[in-house]
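I have a structure I would like to understand better, so I am pasting it below and will then ask my questions one at a time.
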Amino acid sequence: MKKVAVLGATGSIGGNTLDVISRHPEHFRASVLTAHRQVEALAELCVRHRPELAVIADPALEAELSRRLAAAGVRCEVASGHAALAAAASSALCDTVVAAIVGAAGLDSTLAAARAGKRLLLANKEAIVMAGPLLLEAVAAGGGTLIPVDSEHNALFQCLPAQCLPGGRPDLRAGGVRRLILTASGGPFRGYTRSQLANITPEQACKHPNWVMGRKISVDSATLMNKGLEVIEAHHLFAAPADAIEVLVHPQSLVHSLVEYVDGSVLAQLGNPDMRTAIAHALAWPERVEAGVAPLNLAACAPLAFEAPDLATFRCLALAFQALRAGGDAPAVLNAANEIAVEAFLAGALPFLSIADVVEAVLAELPAQAVVDIQMLCERDRIAREAARRVLRNAC
């Protein structure tokens, strides 16, 4: 019986994880549930799954969570604050941690789980984008297991030989791998020109054609920054140089990633666009369990299409490759600037096309520095966010 901590239980990844867990009560138990501020939703999940610990990130809501749980007759420990999130991720209450907190806010708890030697199911791409070397060092030192939950990286995980998997010293050359190919749906604006993108609203950007996601990640998908972050994630997970990673737009989202080998073979992982496939694989690996996902009927599918991404229109993907090649803390600077820019766009204070302009300006202002430790990284994250806010003020 695996005891699972779901960090970010009220989000889309959290909800899908709990759905898979509920299908296999003999194998998995949701022992820890956390949320940012969604106290009502967290309380409802606690009623349904009866965890041993519930953590709300906002301390001001701890009393409300306790009140709701007591009224519902749920007996579990309650805690709050970011330190409590990290403590929960490293506690004896869980052996498996699903890191699904969105953005840089998930970094501390993800690192805590890695240091504690947990089976870490990584859905928070920002943690590895910001602190890839530090996270991998923590996994190695803790002796745990790192399995990616992003559908693209989970697909790569399934298509790669053992010597190329994260957690040890992945070696693509020893595995005969030539390239890692990440697929992208292209988002809701695939094929649009820059002039067509000039007046895009947050509501339009959040309507992904294939996936149901939170607002921030939906905007990242629309700008292709999400795919850029995934390129950086693939680099860290599989020790792949930038030139060995390619992005291919695949509107149907049925082929989730491909691995090209030196002998000309290309292995692909296919499935319906449902995150429960990757989550179930990560939870049960090296075994397989039913995920509640409909079988893929290739005979009924439209023809599969592939095309190169438009880097001139969707500049965020090009900026991510730029940050990866710059190395050091450039990916962390990229991520911080993007979070501030997306926040401004969602608030109606920044045009869609200007998200890339803000990120580019911050990368130019803050040249890459070597990643020394988490304190230095957090300070650079703070400085990058201040720089992004300053760029926004000057643009107004």
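If you average 1/r over all unlike Cα pairs in region 246-396 and invert the result, what Kirkwood radius do you get in angstrom?
Working: mean 1/r = 0.0540 Å⁻¹.
18.5 Å is the Kirkwood radius here.
How big is region 9-49 on each of its three principal axes, counting only the C-alpha atoms and giving the largest first in Å?
30, 18, 13
So what's the back-of-envelope 222 nm ellipticity for the chain, counting only DSSP H runs of four-plus at -39500 (n - 2.57) apiece and dividing by all residues, rounded to 500?
Working: 15 runs with 178 residues, N = 396.
It lands at -14000 deg cm²/dmol.
Still on this structure, please answer the following. Return, ordered by residue number, the residues of region 199-227 whose backbone nitrogen is under 13 Å from a label point located 7 Å along Cα→Cβ of residue 357.
199, by backbone N distance to the label point.
Find out how many positive minus negative residues lie around residue 355, taking Lys and Arg as positive, Asp and Glu as negative, among other residues whose Cβ is under 11 Å from that of residue 355. Before the final figure, lay out the partial values.
Numbers: positive: 315; negative: 220, 339, 343, 357, 360.
Residues near residue 355 contribute -4 overall.
At 0.36 nm per residue, minus the direct Cα-Cα distance, what do residue 178 and residue 83 gain on full extension? Give it in nm, one decimal, please. List each step's numbers first, then the result.
Working: separation 95, 0.36 × 95 = 34.20 nm, distance 4.19 nm.
Full extension from residue 178 to residue 83 adds 30.0 nm.
In whole percent, what relative contact order does region 35-94 give with Cα contacts below 8 Å and a gap of six or more residues? Intermediate results must be reported in sequence, preceding the final value.
Numbers: 74 pairs, mean separation 22.1, N = 60.
The normalised contact order for region 35-94 reaches 37 percent.
What does DSSP give for the chain in terms of the percent of beta bridges that are antiparallel, rounded to the nearest 5? Mind showing how you got there, number by number?
Numbers: 11 of 41 bridges.
Given both bridge residues lie in the chain, the antiparallel proportion sits at roughly 25 percent.
So for the chain, what are the equivalent ellipsoid semi-axes in whole Å, largest first, each being the square root of 5 times an eigenvalue of the Cα gyration tensor? Present the calculation step by step, with values, prior to reporting the outcome.
Working: eigenvalues 182, 135, 94 Å².
Taking √(5λ) for each Cα gyration eigenvalue gives 30, 26, 22 Å.
Have a look at 280, 294, 302 and tell me which one the Gaussian network model of the chain (Cα, springs below 10 Å) gives the largest fluctuation.
Greatest mean-square fluctuation among the candidates belongs to 302.
Still on this structure, please answer the following. Beyond 16 Å, how much of the Cα-Cα pair distribution for region 331-396 remains, as a whole percent? Don't skip to the end; give the middle numbers.
On the way: 823 of 2145 pairs.
That fraction is 38 percent.
Still on this structure, please answer the following. With unit charges on the beta carbons (Lys and Arg positive, Asp and Glu negative) and the dipole taken about the Cα centre of region 327-396, which residue among 368, 340, 392 sits farthest to the positive side?
Towards the positive end, the residue furthest out is 392.
Another one. Given springs between every Cα pair under 10 Å in a Gaussian network model of the chain, which of 282, 99, 72 has the largest fluctuation?
72
So what's region 2-149 giving for Rg/Rh, alpha carbon basis, Kirkwood Rh from the mean inverse pair distance?
Taking Rg over the Kirkwood Rh, I get 0.95.
Each label point is 7 Å from the Cα along the Cα-to-Cβ direction; what then is the distance between the points at residue 326 and residue 379, in nm?
1.9 nm
Next up: Taking the simple approach of a point 7 Å from Cα along Cα-to-Cβ for both residue 215 and residue 270, what is their distance in nm?
Output for this residue pair reads 3.7 nm.
Between residue 369 and residue 63, what is 0.36 nm times their sequence separation minus the Cα-Cα distance? Round to one decimal in nm.
Numbers: separation 306, 0.36 × 306 = 110.16 nm, distance 4.23 nm.
Gain in length upon complete extension: 105.9 nm.
At a Cα cut-off below 16 Å, give the lysines reachable from residue 118, other chains included and same-chain residues fewer than 8 away excluded.
2, 3
If you don't mind, there's one more thing I want to ask. Most mobile of 60, 384, 368 per a Gaussian network model of the chain (Cα springs, under 10 Å)?
60
Which residues in region 10-39 place their backbone N less than 16 Å from a point set 7 Å from the Cα of residue 290 along the Cα-to-Cβ direction?
19-28
Now, a different point. Quick one: net charge around residue 107, please, counting Lys, Arg +1 and Asp, Glu -1 for every other residue with C-beta under 9 Å from its C-beta.
On the way: positive: none; negative: 108, 126, 381.
Around residue 107, the surrounding residues sum to -3.
Ok, one more. Restricting to Cα pairs below 8 Å that are 6+ residues apart, what does the relative contact order work out to for region 2-149? Please round to a whole percent. Intermediate results must be reported in sequence, preceding the final value.
Working: 308 pairs, mean separation 31.8, N = 148.
Computed over region 2-149, the figure is 21 percent.
Put +1 on the Cβ of each Lys and Arg and -1 on the Cβ of each Asp and Glu in the chain; which of 103, 30, 123 then has its Cα farthest toward the positive end of the dipole?
The one lying farthest along the dipole's positive direction is 30.
At 0.36 nm per residue, minus the direct Cα-Cα distance, what do residue 169 and residue 48 gain on full extension? Give it in nm, one decimal, please. Each step should come with its number before you reach the end.
Numbers: separation 121, 0.36 × 121 = 43.56 nm, distance 4.03 nm.
Between residue 169 and residue 48, full extension yields an extra 39.5 nm.
Same structure, new question: Say each of residue 162 and residue 92 gets a label point 7 Å from the Cα, pointing the same way as Cα to Cβ; how far apart are those two points in nm?
If labels sit at residue 162 and residue 92, their model points lie 3.2 nm apart.
Coordinate-derived values only; no laboratory data. Just so we're clear, the structure is a prediction, and the values are computed from it rather than from any experiment. FYI the Cβ positions are ideal-geometry reconstructions off the backbone, even for glycines, and counts take in every protein chain you see.
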